[in-house]
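Step one of this worksheet: look at the structure below.
The values are calculated or read from the model by the stated rules, or taken from the named source; none is laboratory data. The structure presented is a predicted model; accordingly, all values stated were derived computationally and were not measured. For neighbour counting, all protein chains shown are included, and Cβ atoms are generated from backbone atoms with ideal geometry for every residue, glycine included. Note: areas computed on protein heavy atoms with side chains; ligands, DNA, RNA excluded. Shrake-Rupley method; radii C 1.70, N 1.55, O 1.52, S 1.80 Å.
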Amino acid sequence: MYPLIRNRRLRTNESIRSLVRETTITPNDFLVPLFVVEGKGIQQEIASMPNYYRFSLDLLEKEIKLLWTLGLKAVLLFVKVPDNLKDNAGTEALNPDGLMQRAIKTVKNVCPDMLVFTDVALDPYSAYGHDGIVENGIILNDETAEVLAEMSIAHAQAGADFVAPSDMMDGRIGTIREALEDEGFIDTGIMSYSAKYASAFYGPFRDALDSAPGFGDKKTYQMDYANRFEAIRETEMDINEGADIVMVKPGMPYLDILREVKNEFDVPVAVYQVSGEYAMIKAAAEKGWLNHDETMLESTIAFKRAGADIIASYFAKDIVKLIS
Ligand code: PBG
């Protein structure tokens, strides 16, 4: 006991601190979300996400090459769909020449080893801004899952390595997995947004894709943020249905959930540091109220410490530059 034991001995200087440090991060930990738009020569900053951009395909190529040189080896693609192509059936999502399909091919062309994860959900394609087909104000579950399975096949055909269903319909992992098997895509992975909460922290993302719900909210499909055990049930179901990687989302307010999921299951666990978390740090840093790099690094280490194997983060590029 004290004074024989003095915990501060191991904190005396950075050399000893780094020697006993339990958690480190490397570029291998990150999945980089990317927003893609139609057009040429476009790199549009997202108003509520400073220093984060939507890229047209030509500039996406350059960004992919840059990420690869930084050691980042996995991207998560989202597309911004023009209003005139949105409907209530996800028609454009299945267009073999749609923006997502072309984006996947673009990445694989410039960088065949870059892992491509694709967002599978209807909201960017939905005239209602919902993650499923809408009927009388209800988001239909099974009908939506069928479209998501078709969408997943379309992404696999274009060359996606992993499909990432972010919708929270029940049973969609099983529906998608069976469809992929039937079509021969036996090696296409599924990263499931398993414990995805109905969160106010998604606001800036919905600006980025112009995908905010036109009526109501997403609480009939995304989880109630007051719940903990439900996260285990959701995750277990997705693993049983064939998910290769599971996810907890958002990140920082849900580190408890992340740790529990990691302790409970032995599949890789991803966490998503969502747009609102990014925006908070950026805004406070702009005001001079928080140190940008320090808070960014601390938040990222916290994910890893809490059990994340994979961190999807808009900070990925900045972090890798900082730690290299
Ligand atoms: C929608 C989707 C959302 C995010 C990823 N996919 C928003 C939502 O559910 O409304 C949020 C990501 C972020 O905020 O960074 N399928």
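Odds and ends about this structure:
- In this label model, residue 113 and residue 6 are separated by 4.9 nm, measuring between points 7 Å along each Cα→Cβ vector.
- Approximating the spin labels as points 7 Å out from Cα along Cα→Cβ, the residue 229-to-residue 170 distance works out to 1.7 nm.
- Fraction of alpha-carbon pairs over 27 Å apart in the range 174-324 - percent: 29 percent
- The charge dipole of the chain, taken about the Cα centre with unit charges on the Cβ atoms of Lys, Arg (+1) and Asp, Glu (-1), comes to about 1980 debye, rounded to the nearest 20.
- Two-decimal Rg/Rh across the chain, once Rg and the Kirkwood Rh are taken from alpha-carbon atoms: 0.98
- For the range 39-112, alpha-carbon Rg over 2.2 N^0.38 Å: 1.19
- Within the straight-line cut-off of under 19 Å between alpha carbons, the aspartates and glutamates reachable from residue 65 are 29, 113, 161, 318, sequence neighbours fewer than 8 places apart in one chain being disregarded.
- Fraction of antiparallel bridges per DSSP, the range 23-323 only, in percent to nearest 5: 15 percent
- The range 94-139 and the range 237-277: distance between their alpha carbon centers, rounded to Å: 22 Å
- In this structure, the pairs whose alpha-carbon distance is over 23 Å, taken from 40/287; 73/108; 40/321, are 40/287; 40/321.
- Applying a DSSP loop filter and a limit of 14 other Cβ atoms within 10 Å to the trypsin sites (Lys or Arg not before Pro) in the range 257-324 leaves 287.
- For the range 278-324, applying the loop criterion from DSSP together with a ceiling of 15 other beta carbons within 10 Å to the chymotrypsin sites (Phe, Trp or Tyr not before Pro) yields 289.
- Calculated accessible area for the range 23-323 comes out at 41 Å² per residue, all protein chains present (probe 1.4 Å; ligands, DNA, RNA ignored).
- Built amide H within the under 5 Å cut-off of residue 120, gap 5+: 164, 166
- Centre-to-centre separation between the Cα atoms of the range 306-324 and those of the range 176-226: 21 Å.
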